[in-house]
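The values are calculated or read from the model by the stated rules, or taken from the named source; none is laboratory data. Fair warning: this is a prediction, and the values are worked out from it, not measured in the lab. Every residue, glycine among them, receives a Cβ derived from its backbone with ideal geometry; neighbour counts consider all protein chains shown. Ligands, DNA and RNA are excluded from the accessible area calculation, which covers all protein heavy atoms including side chains. Shrake-Rupley method; radii C 1.70, N 1.55, O 1.52, S 1.80 Å.
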Amino acid sequence: MPSILEQKLNEFRDVFSQELNATLSDLLDLWKNTKASGEMADLKTFRFEIHSLKGSSGTLNFSNLSDALNKIENHLAANETHLSEITSISSQVDLLMVELMRCKELSPTPLLEIFVPVQQSRSLAVQKLTPSTNDISLKSHRDISIAIVDNDDAAGMLLSRLLTTFGFVCSHFSSINELNKALSKQSFSIAILDLSEPVCASSEMFSFATSLQRQKIDVFIISSFDTFEARLLAIRAKVCDYLLKPVNITNLVTKVRKNFKVDLVRPYRILLLDDQLEVGNFYKTLLETQGIEVIALTQAEQIMAALESFPPDIFLLDMHMPDVSGLEVAKLIRQQSKYDYVPIIFLTADNDINTKLLALECGADDVIPKQTAPDLILQQLDSRIQRSQQVRYLASRDSLTGVLNHGQIMDAAAHALRLAARHIKPVVLVMIDLDYFKHVNDSYGHMGGDKVLVSLGQLLLQSVRETDFVGRYGGEEFMIVFSDADCEVIENKMESILAAFRHIDFNVNEQVFNCNFSAGLASSENYDKLSELIAAADAALYQAKAAGRNQIFCDN
């Protein structure tokens, strides 16, 4: 019984087959007209149509047709210096066109042969392509249970308490055996193992790490040994991360959140550009069956408008298109710094090495032949998306708190304001400032201050929607951008966040203290420019400060 994916892709192939006679007849007429006119413009059009049909036939695995078209294209390329004299190449092209016409009677490669790898237990790489809410690796921070194994009870319990303050559920165990016994009654998302003995004496720990991975429990190792041998053994034991002592708690929290994609709450997005509608629809269908959101464009001029409301995780571009080439589109994308870390992949029927080099020079990350098997395309896209998201996460986040850095939150606010004006849905911008933060630093040191900043950043992240943005504006000041929001609703929301923050107990050197913040908010209903909106929220913040702090003020 064919899968839904097979059925859909068979439909594309059936339509292509039904239209093939007419397509080849049009191509033959175009060649006759080109010979009759002797015009280079007509020859250029003929070459482009040959290349386009080669790409679509290769994509749909009409291999005989694709091979015949490839011979014509190669002949034209090899005689490029003589193309001005069409008569000198016409006899050979005539013969190749006759061979091409025979392809109308040839059947394509059976679809089942292409999709065997996809159907066989669906590889991990394909499964990971979409971070759906059903994916076992995608969790809320509240769902992450951590087992900490450390024979130093004081250190293990301290780490457990620290991680608990960030919303994780933690349990401490003094030994591997103790955790092993607990696994029959408890389940954990991740185990953090302390490597306190030299590598030569730690084979049991690495074996245990491997066994945990088989039980779908991720493993981090904390160690004082920064050696090649130790790190290699960790990799071979499938350990997810290897951290050196003393452990920076904020760095550990960030790595745990990244490991479970806590901050990734939407499917992957791919922007696809191919001038051939049937090819674009083919790839769109293929990708959407993996849960990926796809916008398929047929004209390069549509790309800027699409990007306003669809920030992609990867660009998938055709290289040879009329009027505007894929190479020009790649350069246009790379002109915009916000897409510096978004991969550009070319799908092309052109296998010439010079073409690939040109693509890389234009800022592309990879070139994939259109005749590549679909499951391999999915795996290559997965690899690129995974890596780029790691790089973008590091580049866009404040290294201490894990929220967006100043540049990124300003870009997000500007983008949200443009969309608000277009769709007439207001943005509410909130400016937050920690009260008496200098006193915290003076009394509890910068470690205490950092703990407060991290806690507030994480609380804000946990309290907003996926369509909202949280960033560190500077120092002890944060900014939140609420899209499509009402001032009164957001004011109530901020009151509940403030109440939750007041109840967080901070413990530094056995001294317990609490903190609070002041906030001001303003709506884009009253302001057109971002600078004006920020100034209004800032003014409301200062009103809150002047009124005694520890409260929320709304711009009037």
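Using the Kirkwood radius over Cα pairs, work out the Stokes-Einstein diffusion coefficient for the stretch 327-387 at 10 °C and 1.306 mPa s, in µm²/s as a whole number. The diffusion coefficient I find is 130 µm²/s.
Exposed loop sites are taken as GluC sites (Glu not before Pro) in a DSSP loop (any state but H, G, I, E or B) with at most 13 other beta carbon atoms within 10 Å; the longest stretch of the chain without one runs 86-465. Taking other residues whose beta carbon is less than 12 angstrom from the beta carbon of ALA536, and scoring Lys, Arg as +1 and Asp, Glu as -1, yields -4. Among residues other than ASN248 with Cβ under 11 Å from its Cβ, the summed charge is +1 (Lys and Arg +1, Asp and Glu -1).
If you take every residue apart from GLN215 with its C-beta less than 15 Å away from the C-beta of GLN215, what net charge results, scoring Lys and Arg +1 and Asp and Glu -1? Don't jump to the answer; show the numbers that get you there.
Values: positive: LYS181, LYS185, ARG214, LYS216, LYS238; negative: ASP218.
It works out to a net charge of +4.
Would you mind classifying the stretch 19-78 by shape? Square roots of the alpha carbon gyration tensor eigenvalues, ordered a ≥ b ≥ c; an a/c under 1.5 is rounded, otherwise it is prolate if a/b is larger than b/c and oblate if not. Write down the numbers at each step before the final one.
Values: a/c = 2.45, a/b = 1.51, b/c = 1.62.
Here the stretch 19-78 falls in the oblate category.
Annotation for LEU376 and LYS238: the two label points, set 7 Å from Cα along the Cα-Cβ direction, are 2.7 nm apart.
Only helices at least 20 Å long along their axis, Cα-based, and averaging -1.0 or more on Kyte-Doolittle count here, so list those DSSP H runs from the chain. Don't skip to the end; give the middle numbers.
Working: long enough: 4-37 (48 Å, -0.44); 40-59 (29 Å, -0.29); 63-78 (22 Å, -0.31); 87-102 (24 Å, 0.62); 374-396 (32 Å, -0.57); 406-423 (26 Å, -0.07); 437-463 (29 Å, -0.03); 487-502 (22 Å, 0.29); 530-546 (24 Å, 0.71).
Passing helices, by number: 4-37, 40-59, 63-78, 87-102, 374-396, 406-423, 437-463, 487-502, 530-546.
So, R0 is 60 Å and r is the distance between the beta-carbons of MET157 and LYS44; what FRET efficiency does that work out to, to 0.05? Working from the Cβ atoms, E equals 0.20. The magnitude of the dipole of the chain, with charges of +1 and -1 set on the Cβ of Lys/Arg and Asp/Glu and taken from the Cα centre, is near 1240 debye.
Carbon-plus-sulfur fraction of the accessible area of the stretch 452-499, 1.4 Å probe, in percent?
With neighbouring chains kept in place, the figure for the stretch 452-499 is 46 percent.
Two-decimal Rg/Rh of the stretch 297-420 from alpha-carbon positions, Kirkwood Rh? Don't skip to the answer; put the middle values down first.
Values: Rg = 15.9 Å, Rh = 15.9 Å.
Reported Rg/Rh (Cα atoms, Kirkwood Rh): 1.00.
Take every pair of alpha-carbon atoms less than 8 Å apart whose residues are at least six positions apart; their mean separation over the length of the chain yields a relative contact order of 10 percent. Rg/Rh for the stretch 203-331 stands at 1.19; both radii use Cα atoms, and Rh follows the Kirkwood definition. With viscosity 1.002 mPa s and temperature 20 °C, the Kirkwood radius over alpha carbon pairs of the stretch 481-546 converts through Stokes-Einstein to a diffusion coefficient of 157 µm²/s.
Only helical DSSP H runs with n ≥ 4 go in: add -39500 (n - 2.57) per run for the chain, normalise by residue count and round the 222 nm mean residue ellipticity to 500 deg cm²/dmol. Spell out each step's value before the answer.
Working: 20 runs with 288 residues, N = 556.
Result for the chain, helices only: -17000 deg cm²/dmol.
A compact globular protein would have a Cα radius of gyration near 2.2 N^0.38 Å; the ratio found for the chain is 1.21. I need the calculated FRET efficiency for the pair ARG387 and ARG549, taking r as the beta carbon distance and R₀ as 45 Å, to the nearest 0.05. Approximately 0.55, to the nearest 0.05.
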